[in-house]
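Novice: Just passing along the structure, written as structure tokens.
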Amino acid sequence: MPELPEVETVRRGLQPAMEGARFARVELRRRDLRWPLPKDFARRLQGKTVTGLGRRAKYLLADLSSGDVLLMHLGMSGSFHVFQQVSEKALGRYYHERAQHGAHDHVVFHMSTGAIVTFNDPRRFGSMKLVARAKLDAEPLLKNLGPEPLGNAFDAAMLAKACKGKKTSLKAALLDQRVVAGLGNIYVCEALHRARLSPKRIAATIAAKTGAPNERAERLVEAIKAVLNAAIKDGGSSLRDHKLTDGELGMFQHNFRVYDREGEKCRTPGCGGTVKRIVQSGRSTFYCPVCQK
Ligand SMILES: [Zn+2]
């Protein structure tokens, strides 16, 4: 499932194809993704220019010249493919190849620059929605989201305040999108490992009774930012590799320290512990019981 770094990588990959370009034609191969697409979806996009492509948590936000914002979410299995039209021949060849395997290509954007942007989603948990820019603050999908973890506003004081008095585990607190937006199972496990904090620790213990941050909150915020920045950097390299292959934008390979490494050696220098898997609120947590306290 794509998390914030993957979505940021997709945004950076789509930017050259979409920003400043007009939707020449929009092809809908089905009427619904996770939810039905708006009835006039293609009409509201066609002829409009993408003035900017941003991101909020795991949502991509394309600002349109019409004043609408196109909200896109990758869901569990969504990915974008970009085909640059180098020549008519190349276009024909690539497009044909895709069409043969494109059973799950649901939405196709033909951009004015000749780029073809395809949204593929086998499990269809992804979504697209049009919202007026003026009403974006009231948008139900976005309005309860906490701070962006890579934003300047997100710091130890803010995280401690959000965790003050919370009796849930640190793992659950970090997965709560109202506490911090865009973190999922993978990067929460990785950040807790880097911060040497147990996922089972009570969330309130990163704050003093007054809500002031302690040293744990400082370490945790630093670890969250470091883990996400490292993953975005990996994504950047995968982007360059992908350009050489088929233009797929979605998941990429990481070097996780604990995630999906049950029974393997902890990667903290000098630790010697073994990565353990436990289940918290129905989801796997990977951590090292030796160095994460
Ligand atoms: Zn360890």
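The values are calculated or read from the model by the stated rules, or taken from the named source; none is laboratory data. Being a predicted model, the structure only gives us computed values, none of them experimental. Don't worry about glycine lacking a Cβ; one is built from the backbone with ideal geometry, like all the others, and counts go over all protein chains shown.
Novice: Any residue at all in the stretch 1-15 that is surrounded by 14 or more Cβ atoms within 10 Å (Cβ to Cβ), farther than 30 Å from Val188 by Cα and aliphatic (A, V, I, L, M)?
Specialist: Among the residues of the stretch 1-15, not one is surrounded by 14 or more Cβ atoms within 10 Å (Cβ to Cβ), farther than 30 Å from Val188 by Cα and aliphatic (A, V, I, L, M), which makes the answer no.
Novice: Looking at (1) of a type outside the set (Val, Ile, Thr); (2) away from the ligand (no atom under 16 Å from the Cβ); (3) at pLDDT 95 or above; (4) within 22 Å of the chain's Cα centre (by Cα), which is the one condition that is false for Asp241?
Specialist: If we test Asp241 against (1) of a type outside the set (Val, Ile, Thr); (2) away from the ligand (no atom under 16 Å from the Cβ); (3) at pLDDT 95 or above; (4) within 22 Å of the chain's Cα centre (by Cα), just (3) comes out false.
Novice: Determine whether the stretch 194-214 contains at least one residue that is in contact with a helix residue (DSSP H, G or I) (Cβ under 6 Å, 6 or more places away or on another chain) and closer than 15 Å to Glu3 by Cβ.
Specialist: No - not one qualifying residue is present in the stretch 194-214.
Novice: I'd like to verify a number: residues in the stretch 265-292 that are assigned to a strand (DSSP E or B) and farther than 17 Å from Ile186 by Cα, how many?
Specialist: 2
Novice: Please go through the stretch 53-66 and pick out each residue that is small (Gly, Ala, Ser) and either buried (at least 22 other Cβ atoms within 10 Å of the Cβ) or within 11 Å of Pro2 (Cα to Cα) (or both).
Specialist: Ala62
Novice: Quick check on the stretch 228-238: of everything there that is in contact with a Leu (Cβ under 9 Å, 6 or more places away or on another chain) and aliphatic (A, V, I, L, M), which residue is modelled with the highest pLDDT?
Specialist: Once the filter is applied, the top-ranked residue is Leu228.
Novice: How many residues does the stretch 175-223 hold that are more than 16 Å from the ligand (Cβ to nearest atom) and over 14 Å from the mean Cα position of the chain (by Cα)?
Specialist: Final tally of qualifying residues: 23.
Novice: Can I ask one more? Mind checking which residues of the stretch 67-121 are within 27 Å of Met1 (Cβ to Cβ), at pLDDT below 65 and surrounded by 14 or more Cβ atoms within 10 Å (Cβ to Cβ)?
Specialist: Arg98
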